[in-house]
Every structure is written in structure tokens, then in C-alpha cells.
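K.L.:
Attaching a single structure in C-alpha cells format; questions to follow.
The values are calculated or read from the model by the stated rules, or taken from the named source; none is laboratory data. Please read these numbers as outputs of a predicted model, since none were measured by experiment. As a convention, Cβ positions derive from the backbone with ideal geometry for all residues, glycine included, and neighbour counts pool all protein chains shown. Side chains are part of the model used for accessible areas, which takes the heavy atoms of the whole protein and leaves out ligands, DNA and RNA. Shrake-Rupley method; radii C 1.70, N 1.55, O 1.52, S 1.80 Å.
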Amino acid sequence: MSLKKNIIIFIIIVYILCYDFITEPLEELEEAVIEKQEAHHTTWLQIEALRDQRYWLPWKPDLEQGQTEEDCEDPERIVVFDDVKGFVFTMSEVFHYDLVLAVVELLGYRGKGGCGLGGVFAGVVERYSDSCLHVDHVVAQDRVDDLSGNNVLRMFVVKLLSQVILCFHGNERTALTTLMLEIELVVFDMDNLSKSDKKHIRKIVKQVLKEESNRNNLAIWCRYIEVERVIGKSGEAKSIAETALTMYGGKGIDAESMESNNLISLYTLYCSLLLGIENMTAKLQPKTAPPDSGVKRQVLYVVACLVEGNKMELSGPHDLSSASVLKVASKLHKLLEAAQCSLEKSATKLNIERLEALTWCYTLFIYCKSGLDAALCLITEIQHKCQQDSTKSLLRTMHRFKLQLINQHMAMYASPVSTLRDHLDQALHECPSDAEFLALFLDVERKSRISGRLNRFASSFTLTLFYCLADKYLIINFFTIPVCDSLQVPAILIAMAYLWSALE
């Protein structure tokens, strides 16, 4: 039985069982929703939202106020275990996090960078999504990839995550909190924000940070700083970063732990703010003034405080002796080698994040010490060492670091575009379907007076797209299939029309 039919039957059963408790105003509101004749899952969500406002949720005692089941005025709202034990099954804790991500993706969320599905449910969700070609499936119509067009469904996902987050701890809890925050902010156009939008965004992020479980979470602090920078408040972002460093700085990073990784990320983010490096590579950065030598010396000082575990002094001279600079570089090199060894033994998320954080930190240190070429050589060397044992996401991150640094360097200094093109070609060779790299490639070539590279890429991309679709949908024989019965032909035409409009 299809999912759509199950939901319809569920709505009918709930309506029949609860008919006696429906008040006249609520019944009229539900009829108004049904008369809109929207998709069944949309109608169901709207009706559930109405009932939620009328206290239709199952009742449970508030233990903090000393309530018991006897305090419930309506016993019908109490759900006991005997009522649901026939529908409950146990699942290993190993799969809980992947299950939550799978449900969020099934409800329609597709992050611009992906929501990080890498568990056992990813393939199941992907296969289900590929099969949603007919209107019999509940997610076939009115599906919005980023939930920005369906506010009811988006708030439902946010409520779902806010309740599920309490069941997790550590890295998984932080990841789900970040995901919930991203879904809440997805309705805002970050390129065109009004003053009220910026105020609302700040309020949302501050509410998340004020929660007791997030106050000492450096990963959430980093998200807060990044949001301030995205909405155009770089000065505020720098002040917040300095506040966080004052409270949580001065700790060692030798231990391989989540707290250590977050501390490295916080220091590195502050260095990026000092240098004016944007956390994006999808387009060329506008020209800007280069940082003076004092800023670079300050970055060297900040990284030295991180490596040596010292408190950072915001005011005063930030000069380091040549011997101190070499000592910090040597310590960072040893930390990187240790992180690579740990990754070779076990490619866990913790080890991958540590290597990424140390690489970007060491890259900024070398960039301020020796220049762009030395920093790029460092990342390339790490890529070669990790080529065999690393995940694809780690290699993509390394390419992103290089493009991010080159892009910002070109915005500050006069430098040839060939450097960016060479490293971008390498990134596209290893990650040919990466949307961010493709967007940067199109932006670079559009602003160039020579269209040969863009035309050659378009020709190869179109041919590759055709063969991929032919392999997946057997389009090689589409001439023998009636057009009305085939979804492949429109897919090719849409893809080619989109590519042609992009080239114009």
C-alpha cells in the first residue's frame, strides 16, 4: 500500500476517533483547509498544526511541577505503553543519528552543501527519492528541496529536530543543532537582507546559543560568528570571536578530541576574519585592500597562542621572534603528522575534522609567514599523503581550501588568473559534479574575454550528461519509446536548455 494511502487512512481514523471532541470553530477551520484541495501531506500538516494549537497533543505529566497522571483532566489524552506496544520496535543506537537525518531528508530537506548523509539510510533515501516519479507518492508534488517554500513543513521539521536533539550527545548533538539552525535560516535570502531580517536572524541564533547545552559549545559559537559575517557584520563577528577566545582560549590542543577540534576551528575562524578571507568559493571575490604587515603578525601571534596553550592578549604588541615562529611551525607540522597517522588507522569523523582544522590553521600560518605559493604547496603535500586512505569529502575540502585562499589573494593582490584556473581544473577533475566548483568555473570564464575554455567544457559536460542519462535510463533506445511515456527526453531537453541559458 502506498504511503499516500496510508496517510489518508490515518487522517480518517484520527478524525473518526476524535470526532466527539471537535468543537465547531475547529471543525470549520479544518473544512477550510480541506477545501483548498492541496496535496494530502500538506493538508495533513496544516490540520495537525491547527489541532496542536487546540491542545490535541497527547498529555503527559510535568514531573518538574510534581504532576502525575491523576492530574489530567481528559484521560483520553493519556497514551499508555499498552496502546502503542504493537507498533514499537527497538533499533540499535548506532543507527539513531542516521535515521534522524534520513527522516529529515525524506521530508524534503536538501542542504546547499548537503546535510551530511553518510550512514546506512542514505542509499535507502536516495532510492526512494529516485522512485518518486509518479503522483501516487506523497513527496512527488510540492516538494521543495530546501524547505524554503513550505513554511508549515519547515516548522514541522524544526520542531521534530528540537525534540530529537535532547536524545543525543557530543558531536551528533552539535551536528543536529547546526542542521536545525540551518533549516530555520533557509527562508532568508542572504544576498538581499533587510534590517528586520538581520535582526530576526540574530535573534534565532542567540536563542540557540543561550540554551544551557550550547553555551559552552564552541561549534555553535563558530556558527554564530559565521552568521554575523554572512549578514555583513564583520566587526561584530570579530568582537564575538574575541569574546569566545577570552572565555575558552588558553587550552592545549594536543589531545585528539571534539573540544580540541572546535578550539582550533575557533582560532582559525578568528584568523580568517583578521585577513578578510570569506568562507565561500562559488564566485570571484571583489577587489579589496590587502591586510597590512601588522595584521599578518597578529595572525602569527594568534596561532602561536593556540599551539602553546596561552591566553591571547587582545591589545599590545603581537611580534614574534624568528625562533618562536619556527617553533610554532614545527609544532604544527608534528600535530599534522599525528593527525594523518590517526586518520590512516581509523577514518572517523573526529579524525577527519581534526586534520581539516589543523590543515587550514597551518595554511593561514604559512600564508602570513611565507606567502601564497608556500601555503598551496602545504595543502598539496597533505593531499598527496592522504590520497589513498582519505574520504572524498576530505579531498574536496582540501581543494576548497586552496581555491578559497587563491580567490581571496587575487582580490587583494595583482596575481595571474592561471593559478586559480590550474587548481580549479584539478578540483573539477576529482570532483566533476561539485556545484560550488562548477559555479566558480562559470564565474571565472564568464568574466574572461576568451570563451574557448567555457565552450570546450560545455561540450564535454553535455556529452557526459547524455551518456550518464543514457546509462541510467536507457535513453539510447528512446527513439523507439513514445514521448508521452518517457521521462528521459524531457530530462535531456531541460538539462540542455538550462546549460544554454547559463552560457548566455
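K.L.:
Anything in region 235-248 that is in contact (Cβ under 8 Å) with a residue 40 or more places away in the chain and open to solvent by 30 Å² or more (accessible area, probe 1.4 Å)? List them, or say none.
P.N.:
If the condition is that a residue be in contact (Cβ under 8 Å) with a residue 40 or more places away in the chain and open to solvent by 30 Å² or more (accessible area, probe 1.4 Å), then 242, 246 are the ones that fit.
K.L.:
May I ask you to list the residues in region 225-240 that are of a type outside the set (Gly, Ala, Ser) and assigned to a helix (DSSP H, G or I)?
P.N.:
225, 226, 227, 228, 229, 230, 236, 238, 240
K.L.:
I would also like to ask the following. Looking for whichever is in contact (Cβ under 8 Å) with a residue 24 or more places away in the chain, surrounded by 10 or more Cβ atoms within 10 Å (Cβ to Cβ) and closer than 30 Å to residue 172 by Cβ here; the options are 50, 99, 107. Which one fits?
P.N.:
It is 107.
K.L.:
Can you list residue pairs whose Cβ atoms sit under 9 Å apart, with the first residue in region 432-454 being more than 17 Å from residue 283 (Cβ to Cβ) and the second being modelled with pLDDT under 80 and among the polar types (S, T, N, Q)? Count only pairs 6 or more apart in sequence or on different chains.
P.N.:
432/464
K.L.:
Oh, and also: Read through the list (1) over 30 Å from residue 424 (Cα atoms); (2) at pLDDT 90 or above; (3) hydrophobic (A, V, I, L, M, F, W, C), then give the number of the only condition that residue 253 fails.
P.N.:
Unmet for residue 253, out of (1) over 30 Å from residue 424 (Cα atoms); (2) at pLDDT 90 or above; (3) hydrophobic (A, V, I, L, M, F, W, C): (2).
K.L.:
Here is a follow-up. Based on what the data block shows, is residue 261 assigned to a loop (DSSP other than H, G, I, E, B) and modelled with pLDDT of 85 or more? Outline the logic, then answer.
P.N.:
Numbers: assigned to a loop (DSSP other than H, G, I, E, B): no; modelled with pLDDT of 85 or more: yes.
No.
K.L.:
A follow-up question, please. Do the conditions hold for residue 309, that is, is it surrounded by 12 or more Cβ atoms within 10 Å (Cβ to Cβ), in contact with a Gly (Cβ under 8 Å, 6 or more places away or on another chain), small (Gly, Ala, Ser) and on the phi > 0 side of the Ramachandran plot?
P.N.:
yes
K.L.:
Right, next: If you scan region 351-382, which residues turn out to be surrounded by fewer than 20 Cβ atoms within 10 Å (Cβ to Cβ), free of Cβ contacts under 8 Å to residues at least 24 places away in the same chain and in a helix (DSSP H, G or I)?
P.N.:
Residues satisfying the conditions are 370, 373, 374, 377, 380, 381.
K.L.:
Of the residues in region 194-211, how many are in a helix (DSSP H, G or I), among the polar types (S, T, N, Q) and open to solvent by less than 80 Å² (accessible area, probe 1.4 Å)?
P.N.:
Summing the residues that are in a helix (DSSP H, G or I), among the polar types (S, T, N, Q) and open to solvent by less than 80 Å² (accessible area, probe 1.4 Å) in region 194-211 gives 1.
K.L.:
Given (1) open to solvent by 50 Å² or more (accessible area, probe 1.4 Å); (2) touching a residue at least 24 places away in the same chain (Cβ under 8 Å), where does residue 268 come up short, assuming only one miss?
P.N.:
The one condition residue 268 does not meet is (1).
K.L.:
Any residue at all in region 2-18 that is at pLDDT below 75 and small (Gly, Ala, Ser)? Give the derivation first.
P.N.:
Here is the first cut: in region 2-18, the residues at pLDDT below 75 are 2-18.
Those left that are additionally small (Gly, Ala, Ser): 2.
Checked against the condition, which is being at pLDDT below 75 and small (Gly, Ala, Ser), region 2-18 yields at least one hit.
K.L.:
OK, next. State whether one or more residues within region 286-299 are free of Cβ contacts under 8 Å to residues at least 60 places away in the same chain, in a loop (DSSP other than H, G, I, E, B), under 34 Å from the mean Cα position of the chain (by Cα) and more than 30 Å from residue 448 (Cα to Cα).
P.N.:
No, every residue in region 286-299 fails to be free of Cβ contacts under 8 Å to residues at least 60 places away in the same chain, in a loop (DSSP other than H, G, I, E, B), under 34 Å from the mean Cα position of the chain (by Cα) and more than 30 Å from residue 448 (Cα to Cα).
K.L.:
Considering only region 166-193, state which residues are in a loop (DSSP other than H, G, I, E, B) and either open to solvent by 50 Å² or more (accessible area, probe 1.4 Å) or modelled with pLDDT of 85 or more (or both).
P.N.:
168, 169, 187, 189, 190, 191, 192
K.L.:
Please indicate, with yes or no, whether at least one residue in region 212-225 is more than 22 Å from residue 301 (Cα to Cα), buried (at least 16 other Cβ atoms within 10 Å of the Cβ) and aliphatic (A, V, I, L, M).
P.N.:
yes
K.L.:
Moving on. Out of 251, 287, 296, I need the residue that is within 25 Å of residue 408 (Cα to Cα) and open to solvent by 70 Å² or more (accessible area, probe 1.4 Å). Which one? It would help to see each step written out before you state the result.
P.N.:
Details: 251 fails: within 25 Å of residue 408 (Cα to Cα); 296 fails: open to solvent by 70 Å² or more (accessible area, probe 1.4 Å).
Only one candidate qualifies: 287.
K.L.:
Still on this structure, I have one more. Across region 383-418, which residue is most open to solvent (accessible area, probe 1.4 Å) among those that are of a type in the set (A, V, I, L, M) and more than 20 Å from the chain's Cα centre (by Cα)?
P.N.:
414
K.L.:
Please specify each residue of region 385-399 satisfying the condition of being at pLDDT 85 or above and not hydrophobic (A, V, I, L, M, F, W, C).
P.N.:
Of everything in region 385-399, those that are at pLDDT 85 or above and not hydrophobic (A, V, I, L, M, F, W, C) turn out to be 396, 397, 399.
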